[in-house]
Amino acid sequence: MMVSKEWRQSVPGVRVLGAILLLAWAGGQGVLEAQIQRDPPLVRHLEFLASDALRGRGNAQPELEIAARYIARQFQKYGLEPAGEDGGYFQTFPVTTAVELGADSLVTFFALPSQPVRLEMGKDYWPVAFGPTKNATGPLVFAGYGISAPENNYDDYGEIDARGKIVVAYEHEPREGSPNSPFGVGGLSTYSSVLYKVRTARAHGAVGLILIPDDFHHPMTLPGWRPEPGPPLENLGIQVIRLSRTWGNRLIRITGRDPFEMRRWLEGHLTPYSFDIEGVQAALSLDMIESQNPVRNVAGLLRGESDELIVVGAHYDHLGLGGVGSLFSESAGEIHNGADDNASGTAALLQIAHDLSLEPRRRNVLFLAFAGEELGLLGSRHYVDRPLYALENTIAMLNMDMIGRSSGDLMVGGVGTAREFRTILEELDEASPLGFRYAETPLSPSDHLPFAEKGVPVLFFFSGLHGDYHKPSDDSEKIDYQRTFQVAEVVKGVLRALDGIDLEPAPGGGWEPEETSADFDLNRNRAPSFGSVPDMDYVTGGVRLQQVVEGSPAEQAGIQAGDILVGFGGVPVRSLYDFTSVLRRLSPGEAVEVVLLRDGRELRFTVLLRPRP
């Protein structure tokens, strides 16, 4: 069913429930009693979990515990047995949610004109993130803005080797906010985020990252420092610091280059200006005082007749008030509600528990809501290391993550981990209004992965990335409830099928992808961006474009609203299905020939595809 805005506004607001729950929590109540009785459950659960009252369900926040108790209460209400520790619904484990710095942090540059030089924290540098070890030492390499985006014809790492080195890079991005930006129009793109730059440096083998201020676009902006109580640090896998403007410019000048002229080159040419900073090494040593916080997986059992078990999982934590994990650079302190990521999967988990609770079953079903996913799959890894039920009796694990924003497709990963999975899914595909896309391997980074690593067959259900991912704008009003219900129906169908058959795990766990598989992951959108909105009422032949998105590849190639698409990538286009089928087989960065009709004339254009925003 499609839930209308008017219908959702006609029921009691979830903020009232949130206030009640917060008062109950503040008063030390052990069980959350306040409930709003309205159907369907999935909508109620999603809107509560994604409400401002839960402040983004961050792993360091008390609201995560409110969410955990809410989920446990629903399990109890639906008749699921407590499956956690000590006869309850919880499995508790500690996570490192933040790190403060002790007095012994050091940043030292060697082989400068006055060597060695030790920098002063809070004046010369500001720590940003840390890695698994206290120290990072290596030669320096300058990597422009630290962006590797060959799909946008831009790669600061294209001509350097960053392995074992400490990367120096500017903050933000070239042509920031310009209509001629290679990364989008209207402000900073995700390529400018600290998280993106850190992950890119790590992927290229760097042991550390030094960010220097972008005073080309922000000449009056100085990086802030709050000595009391100090900004929390996050574990991003390598040591990361931010230099002062003075030291950033000094590093560039010792190479004989002028910082301003170098940035003018980057701005004007959009070509790499990357090089080894010869003769200079750095040592980054961060004195980390870890702050640990207990969080909980929530476990409820739907008992069957055998000892065998199927796990259904979804993570319920998110980013809280943002921080380094946010992909919106100006979001510090803003609530990241995570409606799609992953209130959608958790709400579907509860809906499925509700729907299956009265059905007799051959096998047990363990419903698991994981904490710590956003910190690195910590909840699911804790479970497989200390399983509540023997893994040898666990025949399969089904995981739902970000299933609330489908445009009609459902991506299913891990299909190759058991021989019977594809047959089950193909039968469900025929009856489902969703279009299934398969990945043989389980390699997408979500909570099914630790189970797959232990040899458990897994399926991962995912509806795709979108522009609100890890941003404050991932709110419940953007959820497509009809599609979310449809995904939940598919997962229920898989559960029912698995209850009546024996699975044969694939040799090697199905980790080797087939040549024909269309594997996907959480860092790639489901298809490259073309940038048009089709006219759904046009059925004459071809695809008439109702709108061409400003700044999109289609607009940049000269395509206009009203054009009729009749050929794409050498394939005749008779319908929207023809167009989307070809588009999904292409990748960002590819140039594709487009044939269209405009005012009765046949025109040909070449469009350079790019990733979806």
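The values are calculated or read from the model by the stated rules, or taken from the named source; none is laboratory data. This is a predicted model, so every value here is computed, not measured. Backbone-built Cβ (ideal geometry, glycine too); neighbour counts: all protein chains shown. The protein model used for the area step is the full one, side chains on, heavy atoms only, and it has no ligands, DNA or RNA in it. Shrake-Rupley method; radii C 1.70, N 1.55, O 1.52, S 1.80 Å.
A few notes on this one:
- Net charge over other residues, Cβ less than 10 angstrom from the Cβ of TYR170 (K, R count +1; D, E count -1): -3
- Unit Cα scatterers, Debye sum, segment 43-130: log10 I(q)/I(0) for q = 0.10 Å⁻¹: -0.52
- Carbon plus sulfur fraction of accessible area for segment 118-182, probe 1.4 Å, in percent: 42 percent
- Between segment 58-73 and segment 252-279, the alpha-carbon centres lie 48 Å apart.
- By definition, a body whose alpha carbon gyration tensor gives a ≥ b ≥ c is oblate when a/c is 1.5 or more and a/b is not larger than b/c, and segment 285-383 fits this oblate description.
- Largest to smallest in accessible area, the residues TRP265, TRP247 fall in the order TRP265, TRP247 (1.4 Å probe, all protein chains included).
- Taking a sphere under 10 Å around the Cβ of ASP447 and counting the other residues whose Cβ falls inside, with K and R at +1 and D and E at -1, yields a net charge of -1.
- For MET121, solvent-accessible area (1.4 Å; no DNA, RNA or ligand), Å²: 70 Å²
- Cβ-based net charge around GLU359, under 11 Å, with every Lys or Arg adding one and every Asp or Glu removing one: +2
- Hull volume in cubic angstrom per residue (convex hull over the Cα atoms of segment 358-412): 147 Å³
- Each residue of segment 369-383 was assigned a 3J(HN,Hα) from its phi angle through the Karplus expression (A = 6.51, B = -1.76, C = 1.60, θ = phi - 60°), giving 9, 9, 9, x, 5, 5, 9, x, 6, 5, x, 6, 5, 5, 5 Hz with x at Gly and Pro.
- By the rule of a C-alpha distance below 23 Å, with chain neighbours fewer than 8 residues away ignored, the lysines paired with LYS134 are LYS123, LYS165, LYS197.
- Across the protein chains, with a 1.4 Å probe defining accessible surface, the residues MET411, MET288 rank MET288, MET411 from largest area downward.
- Globularity ratio of segment 59-190, using Cα Rg and 2.2 N^0.38 Å: 1.66
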